[in-house]
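**Student:** After the structure tokens below, expect a handful of questions from me.
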Amino acid sequence: MTRSDGAHRLDDDDERWLTEAVALATSNVAEGGGPFGAVVVLDGVVIGTGQNRVTRDNDPTAHAEVQAIRAACRAIGGFSLDRATLYTSCEPCPLCLAACLWSRARRVVYAANRDDAARAGFDDSLFYDLFAADRGTWPMPVVGHRVPATSEPMDAWLARPTKVEY
Ligand SMILES: [Zn+2]
């Protein structure tokens, strides 16, 4: 996914939105949440914010980036953020990085990195290492097994004349 539109460069606006994401992360700690915040910006306007709500909501997927993506998609009434930038206080974990990819975000910009997260006890790098390792070595077995109806959902999807592609 090579970009030629300057999406890899940073500017003053990036610093501003990153600072806002970091502020959300810091205030979340005071409110009993994890030290993570994110904002989604479209055409210079914040369309969604998120703070880590894992412990508050008992939701292990309620990471700041996921929360911000959900809020932004609600705001625009769509499931693609292909013109938006997601700013996050910390390098996205694999869950959030995948959520960003699914959202088709134009860019992702982060402040702290995975080493900063590890210092605070959030060792995302363990998951990155796991994804790079043979699945047979994972502590959590991930097992595939085909049942007679395995292909039916995909067949039904393929046969459906009117479907919303994503
Ligand atoms: Zn995450």
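All of the numbers you see were taken from the coordinates with simple rules; none came from a lab. Please read all numbers here as calculations on a predicted model, not as lab measurements. Counting neighbours? That spans all protein chains shown, and the Cβs are built from the backbone with ideal geometry, glycine included.
**Student:** How large is the dipole of the range 37-146 about the Cα centre if only Lys and Arg carry +1 and Asp and Glu carry -1, each at its Cβ, rounded to the nearest 20 debye?
**Tutor:** Numbers: 12 positive and 12 negative charges, 87 e Å.
The calculated dipole for the range 37-146 is roughly 420 debye.
**Student:** While we're here: Would you mind calculating the gained length between Arg83 and Thr137 on full extension (0.36 nm times residue separation, minus the Cα-Cα distance), in nm to one decimal? Mind dumping the intermediate values first?
**Tutor:** Numbers: separation 54, 0.36 × 54 = 19.44 nm, distance 3.87 nm.
This chain segment gains 15.6 nm when fully extended.
**Student:** Here's another thing I want to ask about it. Taking every DSSP beta bridge that has both residues in the range 20-166, what percent is antiparallel when rounded to the nearest 5? Intermediate results must be reported in sequence, preceding the final value.
**Tutor:** Details: 10 of 15 bridges.
In the range 20-166, DSSP labels about 65 percent of beta bridges as antiparallel.
**Student:** How large is the convex hull of the C-alpha atoms of the range 1-71 per residue, in Å³?
**Tutor:** Working: hull volume 7.0 nm³, N = 71.
Hull volume normalised by residue count: 99 Å³.
**Student:** Still on this model: Label Trp157 and Ser27 with points 7 Å out from Cα along Cα→Cβ: what is the distance between them in nm?
**Tutor:** 3.9
**Student:** Please name which of Trp138, Ser89, Ala30 has its Cα lying farthest along the dipole of the chain towards the positive end, using unit charges on Cβ (Lys, Arg +1; Asp, Glu -1) and the Cα centre as origin.
**Tutor:** Farthest towards the positive end: Trp138.
**Student:** If you don't mind, there's one more thing I want to ask. Helix 64-76 against the longest principal axis of the chain: what's the angle in degrees, Cα atoms only, rounded to the nearest 10?
**Tutor:** Approximately 80 degrees, to the nearest ten.
**Student:** Step by step: find N for the chain, compute 2.2 N^0.38 Å, then divide the Cα radius of gyration by it. What's the final number? Don't jump to the answer; show the numbers that get you there.
**Tutor:** Numbers: Rg = 18.1 Å, N = 166, 2.2 N^0.38 = 15.3 Å.
The value comes to 1.18.
**Student:** Treating the beta-carbon of each Lys and Arg as +1 and of each Asp and Glu as -1, no other charges, what is the dipole magnitude of the range 1-100 about its Cα centre, to the nearest 20 debye?
**Tutor:** Details: 8 positive and 14 negative charges, 67 e Å.
In total the dipole reaches around 320 debye.
**Student:** Here's another thing I want to ask about it. Express in whole angstrom the spacing between the alpha-carbon centres of the range 62-91 and the range 27-57.
**Tutor:** 10
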